[in-house]
Each structure stands twice: as C-alpha cells, then as structure tokens.
Amino acid sequence: MARLYGLEVGDVQRGTMLTGDIGETAVLARHGRLGEARLRLFHPLKFMLATAAEASEARTLADEVGRQIPPPVAVEDKFDGIRAQAHVAADPGDPALHGVAHDGARVALFSRTLDAITGAFPDLVGPLAALAEASPAGLILDGEIVPLGPDGAIVPFQAFQALQRRLGRKAASPDLLAEVPVAFVAYDVLAWDGATTLDASYRDRQRLLDALTFAEPVRRSAVTALDDLGRLDALFDEARGRGNEGLMVKAFGSAYTPGRRGRDWLKVKKALATLDVVVTAAQRGHGGRRKLLSDLTFAVRASETDGTLLNVGKAYSGLTDAELAELTAWFEAHTLETFAHGRVRTVEPEIVMEVAFDNVQVSRRHKSGYALRFPRIVRWRRDKPAAEADTLATVAALAGA
C-alpha cells in the first residue's frame with residue numbers, strides 16, 4: 001500500500017492500527033487522506049515494549065539506567081502477570097464489537113498477543129465499566145492482570161502458572177474465579193475521550209490516570225519520581241519484597257510507541273543467582289545465527305551422587321558469535337541424535353555454562369520439575385567438568401522448596 005500510493009510504511013501501519021480496518025485505511029491512503037484515520041475502540045492496539053537494563057561487573061544499575069535515560073525518571077514495579085489492554089466506553093450498542101456490555105458500558109480486554117480475553121476475567125468487567133463515566137466516548141488502559149492472595153495483595157511470581165489457567169479459558173467458572181482471584185493494575189492511558197493519547201508525553205498520560213477513580217480489583221500502578229539513581233537498588237529490593245519481578249524505569253517525556261522496543265522504557269533486571277549447568281541439546285538459531293547452534297538446552301545433576309542430568313531451561317543469549325561458531329563445530333562433532341531435519345541435536349553432556357535467571361518456578365515441562373525464568377548465559381565454563389555442575393537440590397532451594 002505504501003509503495004502503491006507513495007506513502008511512508010509507518011504512516012500506513014499507524015492508520016491501520018487506529019482504524020482496525022485495512023480496507024478503510026486503503027481508501028484513505030488512495031485519496032491522500034491517511035492523516036484523517038481516527039481511533040476506533042474495541043480492537044487491540046500494539047503494546048509498547050521495554051528494553052532490558054541489568055547491572056554487570058562493568059556497570060552498576062544506576063550507570064546502566066543513567067546512560068539510557070537521564071534522571072529524573074519515573075519508576076514503577078514490574079509486575080509478573082499478564083499484560084493486558086482494557087477498552088472501556090459507553091456501550092455503542094453494536095453486538096459485533098469485542099467485549100461485553102455491562103451497566104450501560106462496554107468493556108473489552110486484550111492480551112499482548114492481541115487476543116480477546118474478556119471472558120476469562122469477568123470479575124474485572126464491572127470495575128472497568130465504572131470508568132466509562134469519566135470518559136464516555138472511550139478510554140484505553142495499558143496494564144497488567146496479576147494474581148492476588150487471600151488478603152488482596154499481589155502474590156509472588158510463582159503464582160503466574162495459576163494465572164495462566166484462567167487465560168486459557170473462554171469463560172471462567174465461579175470455582176476458578178474464587179481459586180485464582182486477580183486484579184488489573186493500570187499503568188498507562190492510550191486513549192481518552194475517544195481520541196488517541198499515543199503522542200502525549202508519559203507525564204501527561206499519567207495525569208489522565210490520576211483523574212480516574214478506581215475500584216477494586218482495578219487499581220493504579222504507583223509511580224515514584226526519582227532524581228537519585230543510586231536508590232534503584234533499594235527500590236528494586238522493595239518491589240521484589242512485594243512479590244513483583246523488579247522495576248520499570250520510564251522517561252517522563254516519552255510518547256507511547258506501539259510495537260517498538262526503544263530506550264524510553266527500561267525493564268530493570270537482577271539475576272536471582274547463577275547456576276553451573278550442562279548443555280544437553282543445541283538448536284540452530286534464527287536470522288544472523290541460523291547457521292549456528294545457538295539455542296542451548298541445559299540441565300543440572302540429580303544429586304551429588306547421581307549424575308543423571310535433568311533439564312531446567314533453555315537460553316538463547318550471552319555468547320559471542322565466535323564462541324558459538326566454536327561450540328557449533330564441537331556440537332556437530334559430538335552429536336548423539338538429530339531431530340527436526342537436523343535443526344536440533346542432543347549432544348554429549350560435557351559443555352558447562354554459567355547461567356543467570358530471574359527466578360525459579362515449578363514446571364511440568366522438565367523432568368527436573370523446575371524451570372528457570374528468563375535464563376541467559378553468563379559465560380562458558382571451560383574450566384569446569386560436567387561432574388561439578390550444580391544439583392537439583394540447589395535449584396529446589398532457590399525455588400523455596
């Protein structure tokens with residue numbers, strides 16, 4: 001369409017995102033009226049993405065954040081739930097629209113994969129519908145659906161698996177609603193009074209959030225304005241203590257850029273620990289690494305006396321291309337079996353890697369019973385034999401078992 005009408009691809013993409021109708025966008029583009037594309041609610045917009053920022057031996061957390069976003073910055077908890085977008089407006093009376101009608105309003109929830117998930121979270125519909133009074137022509141909130149404990153507090157990240165049970169349902173039963181209570185934590189406004197706020201600054205979008213009155217289980221994310229980045233470590237620990245993953249750091253002047261991973265939003269990470277693991281399988285990567293066996297499955301030993309290897313995760317990042325080229329040659333020479341037309345190989349269990357990760361969760365996917373969340377390779381442990389890799393007992397201890 002951009003080539004046909006001599007337009008910028010980004011402008012065509014934005015028009016289609018706003019209208020939700022590529023046919024309508026094509027008509028506007030044909031007549032040179034693409035700038036007239038207006039937001040239509042009850043179809044999902046793409047979500048803005050964040051770039052990871054993590055402390056290392058070379059940089060402190062303050063240094064890593066400061067080189068990307070100079071202070072003052074906005075700091076929020078990074079929630080470990082389901083990213084969700086809530087559309088709310090006075091009910092236009094069109095049953096073909098996504099969402100459900102409630103008390104004169106219409107509410108729709110969409111996941112980060114742009115799927116409609118309203119039916120899985122009926123307990124959020126009423127409190128969200130009440131927000132239509134503040135913006136009858138239409139409101140879109142960006143936020144997170146998080147699991148709650150009996151006291152109404154957000155529960156630690158291990159409860160995410162329980163939350164996934166609700167996401168997989170078209171309609172949640174009363175028993176499931178009681179078993180896995182949730183809240184919607186709003187942290188951004190993408191539309192107000194029927195018009196997009198994507199180009200407004202983060203500061204101005206937060207003022208719109210301040211104008212809303214929330215009722216449980218819908219709540220507003222708390223924001224801290226931070227001039228001293230040296231406080232990030234303490235704030236990170238406090239967020240973890242509240243059962244959240246860590247921190248989000250955002251630039252006050254930033255626009256909301258759907259589908260893009262820029263430097264205006266940073267997700268601040270700290271490794272929970274590192275483990276020495278044994279590579280059990282290798283898979284070819286994608287893009288520039290499609291010729292390299294770059295995606296590594298790894299395991300720990302069953303115990304100090306039992307060398308049986310039990311998989312606990314898979315990592316894709318952390319090694320240089322030179323290291324991967326060397327490893328690829330080794331894996332090809334030490335392959336036990338091949339799968340998926342040679343893309344996946346089980347290999348002789350001799351290569352040891354040190355991996356970092358954010359947390360450990362119970363998992364049925366691996367025989368170990370555990371999986372590392374967001375693992376990344378710290379270094380290739382050429383100095384360590386497989387017989388000295390960590391054991392399942394260490395993994396279980398980190399999981400709190």
*Apply 1/(1 + (r/R0)^6) to the Cβ-Cβ distance of Asp210 and Ala273, taking R0 = 51 Å, and write down the FRET efficiency to the nearest 0.05.*
0.85
_Burial order of peptide ranges 177-185, 349-357 (average beta-carbon count within 10 Å, highest first)_ = 349-357, 177-185
*Would you mind pulling out the separation of the Cα centroids of region 225-274 and region 1-78, in Å?*
20 Å
*Residue-normalised accessible area of region 268-374, given per residue in Å² at a 1.4 Å probe*: 48 Å²
*Between Ile22 and Asp237, what is the label-to-label distance in nm when each label sits 7 Å out along the Cα-to-Cβ direction?*
5.2 nm
_Would region 6-165 count as rounded, prolate or oblate if I go by the C-alpha gyration tensor, calling it rounded below 1.5 in a/c and otherwise prolate when a/b exceeds b/c, oblate otherwise?_
oblate
*In what sequence, highest mean first, do 261-267, 308-314, 321-327 appear when ranked by Cβ atoms within 10 angstrom?*
308-314, 261-267, 321-327
*Once both labels are modelled 7 Å past Cα along the beta-carbon direction, what's the Asp227-Lys46 spacing in nm?*
3.8 nm
_Interchain or long-range residues, amide H under 5 Å from Arg379's placed H_ = Glu354
_For region 124-273: rounded, prolate or oblate by the Cα gyration tensor [a/c cutoff 1.5]_ = oblate
_Distance (nanometres) between label positions extended 7 Å along Cα→Cβ at Asp103 and Arg220_ = 1.9 nm
*For region 232-358, what class follows from the C-alpha gyration tensor (a ≥ b ≥ c being the square roots of its eigenvalues): rounded when a/c is under 1.5, otherwise prolate if a/b is larger than b/c, else oblate?*
oblate
_Cut-off 20 Å (backbone N to label point 7 Å along Cα→Cβ of Val9), residues of region 283-320_ = 286-289
*By a straight-distance test (C-alpha under 23 Å), which lysines pair with Lys367 as possible cross-link partners, with residues fewer than eight away in the same chain excluded?*
Lys314
*If you roll a 1.4 Å probe over the chain with all protein chains in place, what percent of the accessible area is carbon or sulfur?*
51 percent
*Solvent-accessible surface ranking, highest first, for Lys291, Lys78, Lys170 at 1.4 angstrom*: Lys170, Lys291, Lys78
_Rounded to 5, the percent of DSSP beta bridges in region 182-316 classed as antiparallel_ = 85 percent
*Give the accessible surface of region 85-232 per residue, rounded to a whole number of Å², with probe radius 1.4 Å and ligands, DNA and RNA excluded.*
44 Å²
*Sorted by packing (mean other beta-carbon atoms within 10 Å per residue), highest first, where do 226-235, 196-205 land?*
196-205, 226-235
*Give the share of C-alpha pairs in each 5 angstrom bin for region 62-140, from 0 to the last occupied bin, in whole percents, shortest bins first.*
3, 14, 20, 18, 12, 9, 7, 8, 5, 2, 0
*Measuring from a point 7 Å past the Cα of Asp193 along Cα-to-C-beta, which residues in region 131-152 have an amide N at less than 13 Å?*
134-139
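What does the helix-only formula give at 222 nm for the chain: each DSSP H stretch with n ≥ 4 adding -39500 (n - 2.57), the total divided by the residues, and the result rounded to the nearest 500 deg cm²/dmol?
The per-residue figure over the chain is -6000 deg cm²/dmol.
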*Glu304 to Glu337: extension gain in nm, 0.36 nm per residue of separation minus the Cα-Cα distance?*
9.2 nm
_Accessible area, probe 1.4 Å, largest first, for residues Lys367, Lys270_ = Lys367, Lys270
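The values are calculated or read from the model by the stated rules, or taken from the named source; none is laboratory data. The structure displayed is predicted, hence computed values, not measured ones. Heads up, the Cβs are rebuilt from the backbone with ideal geometry, glycines too, and the neighbour counts pull from every protein chain shown. Note: accessible area is taken over every heavy atom of the protein model, side chains too, but ligands, DNA and RNA are not part of it. Shrake-Rupley method; radii C 1.70, N 1.55, O 1.52, S 1.80 Å.
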